[in-house]
Amino acid sequence: MSCPALPSSTRPASAAGLGLLAAALVLTAPVTARANSCTAYPVHVLPDETTPDVPTNTRIWYAGQALDGVVDESGGIIDCDAPPRLVDADGLDVPTTARAFSFALVLVPAAPLTEGQSYTIEHGCLFDKVAYAGGIEAETTTFTVTAAVDDTAPEPPDIAVGATEATEFENGFVGYSMPVEGEFEGILLVDIGQTATLDPSALAGELSLASTDADFVIGHACVSTWPHAEPGDSTTLSFASFDLAGNFSGWTEPEPVTVTEDGCHCRAGASRTPTLGLGLLLLLGLRRRRR
C-alpha cells in the first residue's frame, strides 16, 4: 500500500485553508522506520556566492536549529575565542555588531557595504560548532554586493503543511510530524502555538525555529520542532520572514493544525510515492494563492 506525500509544485500552496483541507480529508500517518541517531536542522549562512540580489544594507544571517546552545542571548558564541567576522576584499575587518534570537545569529555591519564589492565571512569557531549538522561546508563564505539599499518589507511567507506522518524509531518510540513546503524571502521564522516573543527591530526573542529553507517538519521526526506532538493534539502555526536587509514581513494569521493517526500505515522502510488522489490535488490547488 502506497502512502500519500506532500506534492511537489512550482508554486507551493499557502498556509491559509488548512481548515478546509482537514474537514474534507482524513490526514494519513505513514510509518517509516528510522535510526535513533539524529542531528539538528543544519545552520546555513546568507548571503553567499549564489545570492543574486545583495543590498548594501545586508546583514549576515546564520540560521538553523544547530545554533541552539551555541549562541547566547547577546550574540556571543559560548566557549569561543574566534567569533565570526566580516572582511573586505583587502582582508580588512568590517565592523559589525552581533545580535541573536532563537536559532539565529545576525552580524549587523556598522555602515552600508559598497555596491560592486566582494566580502568574505570568516566563520571562525562557529564552523566547528555547527559543522556536525551539515549546512556550512567551508570555513569562509564569499558574497558580492549587487544592489542598492533595500528598505521594502518582504511578502509574508506562503507555506503549506502536509498530512500527518508517523516515524517509528528503533527503540519503539513513534514521532508524529507534518512536512512543510513553501516560498519565502530570506530567513523563515516559525511560531508554533503563538509562543513567539520576537522583537524584529532588536533582533531578540524566542521562536520555534529560524531557517533559510523549508526542509523541516512540524512535530517530531528525528529532529523536533513540536516535541510532544501526539495524535489528537492541536496547535496553531504562524510564519514570518526577514529579508537580507532585516526588513520584517509580519506574521501570517495563526492557522490551526491537528495531529492525526488515521489512514495509511506503511511497512517500515517501504518507499513512499506521491500517489495523491484527484480530490486532494484539487483541494491543494484551491489553497494556492500569493499573499
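Going through the stretch 111-121 one residue at a time, which ones are of a type in the set (Gly, Ala, Ser) and either in contact with a strand residue (DSSP E or B) (Cβ under 6 Å, 6 or more places away or on another chain) or surrounded by 19 or more Cβ atoms within 10 Å (Cβ to Cβ) (or both)? Break it down into steps so the answer makes sense when it comes.
Restricting attention to the stretch 111-121, the residues satisfying the condition of being of a type in the set (Gly, Ala, Ser) are 111, 116, 118.
Correct list: 118 only.
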(message) Condition first: outside any strand (DSSP E or B) and surrounded by fewer than 22 Cβ atoms within 10 Å (Cβ to Cβ). Now tell me which residues in the stretch 226-245 satisfy that.
(response) 227, 228, 230, 231, 232, 233, 245
(message) Which count do you get for residues in the stretch 197-232 that are modelled with pLDDT of 95 or more and among the acidic types (Asp, Glu)?
(response) 2
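Residues are listed down the side, and each one gets a yes or a no for (1) in contact with a Cys (Cβ under 9 Å, 6 or more places away or on another chain); (2) in contact (Cβ under 8 Å) with a residue 60 or more places away in the chain; (3) surrounded by 17 or more Cβ atoms within 10 Å (Cβ to Cβ):
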| position | (1), (2), (3) |
| --- | --- |
| 75 | no, no, yes |
| 81 | yes, no, no |
| 84 | yes, no, yes |
| 87 | no, no, no |
| 93 | no, no, no |
| 99 | no, yes, yes |
| 105 | no, no, yes |
| 109 | no, no, yes |
(request) Could you give me the residue pairs with C-beta distances under 8 Å whose first residue belongs to the stretch 245-259 and is under 20 Å from residue 210 (Cβ atoms), whose second residue is among the aromatic types (Phe, Trp, Tyr) and surrounded by 18 or more Cβ atoms within 10 Å (Cβ to Cβ) wherever it lies, and which are 6+ apart or on separate chains? (result) 248/242; 249/184; 249/242; 251/239; 252/239
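Only residues that are part of a strand (DSSP E or B) and touching a Ser or Thr at 6+ places or on another chain (Cβ under 6 Å): list them for the stretch 199-217, please. Can you show your working first?
Our first condition is that a residue be part of a strand (DSSP E or B); within the stretch 199-217, this holds for 199, 204, 209-211, 217.
209, 217, listed by residue number.
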(message) Testing residue 280 on (1) modelled with pLDDT under 95; (2) among the hydrophobic types (A, V, I, L, M, F, W, C); (3) assigned to a strand (DSSP E or B), one condition comes back false. Which one is that?
(response) (3)
(message) If I ask for residues that are free of Cβ contacts under 8 Å to residues at least 40 places away in the same chain, among the hydrophobic types (A, V, I, L, M, F, W, C) and surrounded by 15 or more Cβ atoms within 10 Å (Cβ to Cβ), which ones from the stretch 122-170 would you list?
(response) 127, 131
(request) Only strands (runs of 3 or more DSSP E) wholly contained in the stretch 84-198 count here; list those with 2 or more residues that are under 23 Å from residue 74 (Cβ atoms), more than 18 Å from the chain's Cα centre (by Cα) and of a type in the set (S, T, N, Q). (result) 96-101
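The values are calculated or read from the model by the stated rules, or taken from the named source; none is laboratory data. None of the values given here were measured: they were computed from a predicted structure. So basically every Cβ, Gly included, is an ideal-geometry build from the backbone, and we count neighbours across all protein chains shown.
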